[in-house]
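For reference, the structure discussed in these notes is given below.
What follows is calculated from the coordinates using simple rules that are stated; it is not laboratory data. These numbers were taken from a predicted model, which means no experiment stands behind them. When we count neighbours, we look across all protein chains shown, and the Cβ atoms used for this are built from the backbone with ideal geometry, even at glycine.
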Amino acid sequence: MSYKTLELIEHERVSLIKLNRPEVLNAFNEELMIDLHKATSKVSNDSNSRVVIITGVGKGFSAGADLNDRSKSWNGSKDALERGFKPFFKDIIEMQKPVIASINGPAAGIGAALAMACDLRIMSNNAYIMSVFSNIALVPDGGLSWTLPKYLGYSKAYEYAIEAKKIYSEECLKYGIANKVVNSEDLEKETLDWAIKISKRSPQSLINTKKLMRDSITKTYWETYSQEGDIQNGLTGSKENIEAVKAFFEKREPNFD
């Protein structure tokens with residue numbers, strides 16, 4: 001499958017998706033929306049891929065929506081969000097494998113929403129997340145009004161949104177938005193090394209832990225407790241469980257291939 005606005009690179013058990021419109025800081029036009037859905041759908045269904053990375057080519061992760069896009073076929077913003085952006089957001093959130101946002105510079109507007117939709121985030125020391133919408137008299141979208149308050153709390157999220165303030169990498173680390181912050185020149189290597197390390201973990205543990213924690217946001221404590229029991233019951237005694245326990249006693253790394 002070929003793409004005009006991104007690159008899809010396979011490295012061992014890791015799929016690397018690179019948004020590739022560096023001349024506009026990887027801003028989203030209609031073609032990039034379609035390409036990203038194709039790419040996320042492909043890696044989601046690729047049994048060889050265990051971890052996905054999303055990053056941007058050049059000096060930024062994504063500047064958001066391309067306001068100069070004249071080829072768009074959407075009938076208003078709601079249509080663009082539903083038909084343009086939602087398919088790849090859904091792929092990321094619902095795919096079983098972990099998705100890492102490797103944030104190399106600005107992640108603004110819908111680009112910030114994309115970064116926040118991923119499961120894990122690693123940022124360069126000069127990167128930032130920004131809800132830029134109020135600068136053009138709009139509200140946050142792409143789910144950003146939901147994700148930011150989860151990390152920042154209501155008042156701080158509201159402040160950052162209405163003032164369109166940058167949340168720099170160190171502050172992202174403080175609030176738990178970023179899992180790691182590294183020097184910009186080390187970002188690509190550090191991200192890939194982290195992804196490879198995660199890819200060697202138990203696939204069934206990665207899959208079901210993501211499901212449990214994503215689902216927990218809309219469940220009670222006891223609903224999650226029960227769901228944990230159901231899943232644990234199905235995993236106990238499985239091939240991967242037996243291999244992991246055996247490796248533990250033999251003091252070696254388990255092999256899940």
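Along its first, second and third principal axes, ordered by size, the chain spans 58, 42, 37 Å in Cα coordinates.
For Arg121, the amide hydrogen comes within under 5 Å of the amide hydrogens of Ala101, Asn179, Lys180, counting only partners 5 or more places away or on other chains and with H modelled in the peptide plane.
As a proxy for reagent exposure, Thr220, Thr147 were ordered by neighbouring Cβ count within 10 angstrom, fewest first; the result is Thr220, Thr147. Taking a ≥ b ≥ c as the square roots of the eigenvalues of the Cα gyration tensor, the stretch 42-117 is oblate, since a/c reaches 1.5 or more and a/b is not larger than b/c. Panel values: the stretch 203-250, Kirkwood radius from alpha carbon pairs, Stokes-Einstein at 4 °C and 1.567 mPa s, translational diffusion coefficient 111 µm²/s.
Remark: relative contact order (the stretch 43-165) = 25 percent; criterion is Cα-Cα distance under 8 angstrom and separation of 6 or more residues.
Counting only DSSP H runs of at least 4 residues, each contributing -39500 (n - 2.57), and dividing by the residue count of the chain, the helix-based mean residue ellipticity at 222 nm comes to -13000 deg cm²/dmol. The antiparallel fraction among DSSP beta bridges confined to the chain stands at about 30%. Between Val139 and Glu23, the distance separating the two model label sites (each 7 Å from Cα on the Cα→Cβ line) works out to 3.6 nm.
Placing pseudo-labels 7 Å out from each Cα toward the beta carbon at Lys180 and Tyr151 gives an inter-label distance of 1.6 nm. Each label point was placed 7 Å from the Cα along the Cα-to-Cβ direction; for Ala247 and Glu170 their separation is 3.8 nm.
Beyond 32 Å in Cα-Cα separation lie the following of the pairs Lys38/Lys180; Lys90/Lys156; Lys42/Lys200; Lys38/Lys210; Lys42/Lys251: Lys42/Lys251. For the stretch 51-69, backbone nitrogen atoms closer than 18 Å to the point 7 Å from Ile9 Cα along Cα-to-C-beta are found at 51-62.
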